[in-house]
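**Student:** Handing you a structure now.
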Amino acid sequence: MTPLLSVRDLHVGFGRDPAAHEIVRGVSFELAAGETLAIVGESGSGKSVTALSINRLVDFGGGRITRGAVDLRLADGTVIDLANAQEHQLTKIRGGEIGMIFQEPMTSLNPVLTIGAQIEESFRLHRGLTGRQATAAAKDALDRVRIPDAARRLKYSPHQLSGGMLQRVMIATALSCNPRLLIADEPTTALDVTVQAQIMALLAELKRETDMAMIFITHDIGLVAGIADKVMVMQAGEAVEQGALNAVLDTPRHPYTRHLLSAVPHFEAGRAARTDYRRPETPTEGSAAGPALHVEGLTVRFPVTGGLLRRRTGNVHAVDGVDFDLMPGETLAIVGESGSGKSTTARAILGLVQPTRGAFSANTNTPHGRGRPSVQMVFQNPYASLNPRLRVDSILAEPVIAAGGRISPETTARMTMLLERVGLPLDSLQRYPHEFSGGQRQRLCIARALMLNPSVVVLDEAVSALDVSVQAKVLELLVDLQKEFGLAYLFVSHDMAVVERIAHRIAVLYAGQIVEIGDARSVLSAPRHSYTRQLIAAVPSIERRHETFALDLRQVPSLIRPLGFEPEQAEWQSFGADHRARVEG
Amino acid sequence: MQFLRAILAHPSGRIGGVIVGVYLLVAILGLLGVTPHDPLMQFRIDRLHAPNGVYWMGTDLFGRDVASRLMLGISQSFIVAFASVALAATAGTVLGLAAAWFGRGWDGLIMRVMDVLLAFPAILLALLIIAVVGPGTWTSIAAIAIVYTPIFTRVVRGPALSLKTRDFVDAARTFGSSRHYILTRHLMLNLVAPLTVQVTLALAWGLLTEAGLSFLGLGTQPPASSLGLMLSDSRNLMEMAPWLLIFPGLAIMIGILGFNLLGDALRDILDPKMRRAAA
């Protein structure tokens, strides 16, 4: 039987002289219908370029296939060499025969068109649907990827949806024509674990239904274990190892494969949780032992308007009655999927969003300094949170100036001390942000947050944008800084493996409310709420092979409530000293 | 220095830069009175003299040296162009930032007023303003400034709106940075590049508008000299003394070309995407 896709000795080069600047050097593989090939490698290994060469999108990025063949067997049995195909043939194949999901959902959608229009486009072009039919098909496509309020979301523009939602829209578009080969380029990297599991389930189901083959590009070996039949490991443009899933994962032959397998953080269901902090038995208000941050009944609602007169018809209950305490020296992780209100909680505490109701107070009276400005924040994207036009010394001086201070010798001394402490060279002060790598920039952001010696640092997905090995080092740094400065961390994240390594306590946020809160080890090893269980079950792991991700058709609850709606009082059940969960109705 | 080198390395930047440089030098010399002859002196016996060794560009109907008057004219045109563009850029930046920062009602009000101003052709709007206030150098500076303010407002408002939502502005808010600090350090500093390009291009338009107004007798008033005025004076003598027409005409054309080339080059150099590709 001839395979669906057969790539032989593929060479791809860039620039004026493609043969001299090869990014992919002699990659070969075969893929049968219904099979999944995972291409694994770090950024710059040529895994994306390989995939883009298959549907020849690489041409638009300035690349050229210099040698090799890409044979695709069409539905009627004829074989076409995509490496030498004409553009008009390729246009039919892209979308129709080969679907593609990209890495960046934020930039893959046109910001000025509604998502409905963009999904409909695919149905119009490849299936010839028009008007109502196309709209209905688009709605079905959105339903299929579990987007709540699908009919209404069709009219949304991309900026109104979260990254996770946007990636679902992208997947809906790519799957709209039931392609026979799907290329997924890091499709779930930007998504929450539960959503990721759902997407994997969806892809698995579609594969079963239609005998679709898939090329799955990722850096997450845990994910590879769950879905792939074959694995190809790439390094510097070459396939250093390929073979069946079990063979590659269990008996890796190439040293690079072994390195990759050891660098990935493994989720250990609470066994790797930190044990270096104990809460005092009875915290007394106001004293040095009191909480560094006390949040009570925090509620954030955004108005929803509708109708001709743009009247207020309801509220989005982004955060609804969240309370927690954060002790000095303690890390509280807030986990939840996108849209659960975890970032809104963080932003409300920082004053970036006006809370509708609720109170929070930060204790300035801590053992590490009286009356110090309490809360600082480190953002997710280190590339966006530093002004590119300011020098590092100006960047670090900003919080001091904002607090009414001056650039005194003490300020400069603190700058150099913090730079040294976060592991950056001392000449960094005279440099600009673009001269630093992502990990170094995040270190800069951490140094900036510490300039005023805060008692609480809010870390909003602070390591999510970093490479795995960099991530581990930044986490280490955070733990060291916490011990040294007695910091309390509010660690907002979706990555359970990361949370396990930094959190003392965990609060699980679902639909704007805390459903479970408690000691990290307890929550991770014995989750009580069904959502927490789902969240933990969705964490990919090398141990779980060929998972039959079951498709969960439960609706994500809509957060839009009519005016005047108040959530009912929560009932809590305690499990042990510091672990309680909401009683499920 | 690095910036100058980048301009000289760019093909159209080199040409534009040299042209603008020469014009600036001529304008300064004209302003300081370092001209071949007194631009106002009438050499009665040499009226309408063709260009020769003494009068490099000939003389006009009153026997005034065209080369000297051209130098004075260039400096006059430059003063008007620079002053008006400086005013327009300042006003546009303030209005654009205000619209972007305060949003909602302010944004609507400011941008609608700018739309109204933009709806008129530039020269027509300038004429209208001068017709109301009366001709003169200051009036033409004000008129040209008003005409080009909407363009700067738009150039500033767009990027300012997107900068406002960037993480580093959010970060600044969490430190409690003042509005003034955020506007100047975070917004303005990132607007320098688009503004530089726009200022250079606006100088070309300013030069042209000034020449147009003077040509119609509404800008610089005689006996002072300006490029448009010289063109206007030469109208009736076109066949008898073509040099009266050719030199100021060329001066306007080459000057505008120079600013446009320089503007294009700056756009390429300052565009962050281009720079990333180079780095």
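The values are calculated or read from the model by the stated rules, or taken from the named source; none is laboratory data. Please read these numbers as outputs of a predicted model, since none were measured by experiment. Don't worry about glycine lacking a Cβ; one is built from the backbone with ideal geometry, like all the others, and counts go over all protein chains shown. Side chains included, ligands, DNA and RNA excluded: accessible areas come from the protein's heavy atoms. Shrake-Rupley method; radii C 1.70, N 1.55, O 1.52, S 1.80 Å.
Listed here are the residues, each with its yes/no results for (1) at the interface with chain B (Cβ under 9 Å from one of its Cβ atoms); (2) in contact (Cβ under 8 Å) with a residue 24 or more places away in the chain; (3) under 23 Å from A:Ile334 (Cα atoms).
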{"site": "A:Asn381", "(1), (2), (3)": "yes, yes, yes"}
{"site": "A:Thr412", "(1), (2), (3)": "no, no, no"}
{"site": "A:Thr416", "(1), (2), (3)": "no, no, no"}
{"site": "A:Val422", "(1), (2), (3)": "no, yes, no"}
{"site": "A:Pro425", "(1), (2), (3)": "no, no, no"}
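**Student:** A:Gly351 passes all but one of (1) in contact (Cβ under 8 Å) with a residue 12 or more places away in the chain; (2) on the phi > 0 side of the Ramachandran plot; which number fails?
**Tutor:** Result: A:Gly351 passes all but (1).
**Student:** Could you say whether any residue in region A:406-422 is at pLDDT below 85 and either in contact with a helix residue (DSSP H, G or I) (Cβ under 8 Å, 6 or more places away or on another chain) or open to solvent by 60 Å² or more (accessible area, probe 1.4 Å) (or both)?
**Tutor:** Yes, region A:406-422 contains at least one residue that is at pLDDT below 85 and either in contact with a helix residue (DSSP H, G or I) (Cβ under 8 Å, 6 or more places away or on another chain) or open to solvent by 60 Å² or more (accessible area, probe 1.4 Å) (or both).
**Student:** Condition first: at negative phi, open to solvent by less than 10 Å² (accessible area, probe 1.4 Å) and among the hydroxyl-bearing types (Ser, Thr, Tyr). Can you find one or more residues in region A:507-524 that meet it?
**Tutor:** no
**Student:** Further question: With the checklist (1) out of contact with any strand residue (DSSP E or B) (no Cβ under 8 Å at 6 or more places or on another chain); (2) modelled with pLDDT of 85 or more in hand, flag the one item A:Ala488 doesn't pass.
**Tutor:** Single failed check for A:Ala488: (1).
**Student:** On to the next question. Quick one: count up the residues across region A:438-458 that are within 14 Å of chain B (Cβ to nearest Cβ) and either assigned to a loop (DSSP other than H, G, I, E, B) or on the phi > 0 side of the Ramachandran plot (or both).
**Tutor:** 4
**Student:** Got at least one residue in region B:79-88 being part of a helix (DSSP H, G or I), farther than 26 Å from B:Pro159 by Cβ and of a type outside the set (D, E, K, R)?
**Tutor:** yes
**Student:** Name every residue in region A:390-405 that is surrounded by fewer than 17 Cβ atoms within 10 Å (Cβ to Cβ) and modelled with pLDDT of 85 or more, in order of residue number.
**Tutor:** Selection gives A:Arg391, A:Ser394.
**Student:** Still on this structure: Which residue out of A:Thr107, A:Thr78 is over 29 Å from the mean Cα position of the chain (by Cα), farther than 17 Å from A:Asp59 by Cα and either of a type in the set (S, T, N, Q) or surrounded by 17 or more Cβ atoms within 10 Å (Cβ to Cβ) (or both)?
**Tutor:** Of A:Thr107, A:Thr78, the one residue that is over 29 Å from the mean Cα position of the chain (by Cα), farther than 17 Å from A:Asp59 by Cα and either of a type in the set (S, T, N, Q) or surrounded by 17 or more Cβ atoms within 10 Å (Cβ to Cβ) (or both) is A:Thr78.
**Student:** To continue, here is another question. In region A:123-139, is there at least one residue being closer than 27 Å to A:Arg64 by Cβ and open to solvent by less than 80 Å² (accessible area, probe 1.4 Å)?
**Tutor:** There is no residue in region A:123-139 that is closer than 27 Å to A:Arg64 by Cβ and open to solvent by less than 80 Å² (accessible area, probe 1.4 Å).
**Student:** Okay, next question. Would you mind finding the one in A:Gly339, A:Gly358 that is in a loop (DSSP other than H, G, I, E, B) and not charged (D, E, K, R)?
**Tutor:** None of the others qualify; the one that does is A:Gly339.
**Student:** Ok, one more. Would you please name the residue that is surrounded by the fewest Cβ atoms within 10 Å (Cβ to Cβ), looking only at residues in region B:162-219 that are small (Gly, Ala, Ser) and more than 30 Å from A:Arg441 (Cβ to Cβ)?
**Tutor:** Ranking the candidates gives B:Gly217 first.
**Student:** Scan region A:304-322 for residues that are loosely packed, with under 13 Cβ neighbours inside 10 Å and assigned to a strand (DSSP E or B) and report the count.
**Tutor:** 4
**Student:** Step by step: first the residues of region A:76-111, then only those that are part of a helix (DSSP H, G or I) and among the charged types (D, E, K, R), then the one that is farthest from A:Glu186 (Cα to Cα). Which residue is that?
**Tutor:** For region A:76-111, the residue satisfying everything is A:Glu87.
**Student:** A further question on this structure: Check off (1) surrounded by 20 or more Cβ atoms within 10 Å (Cβ to Cβ); (2) at pLDDT 75 or above; (3) of a type outside the set (Gly, Ala, Ser) for A:Glu238 and give me the number that stays unchecked.
**Tutor:** (1)
**Student:** Hand me the list of helices (runs of 4 or more DSSP H) wholly inside region B:112-185 holding 1 or more residues that are within 14 Å of chain A (Cβ to nearest Cβ).
**Tutor:** Qualifying helices (runs of 4 or more DSSP H): B:137-164, B:167-175.
**Student:** Among the residues of region B:212-235, is there at least one that is away from chain A (no Cβ under 14 Å), without any contact (Cβ under 8 Å) to a residue 60 or more places away in the chain and not in a helix (DSSP H, G or I)?
**Tutor:** Yes.
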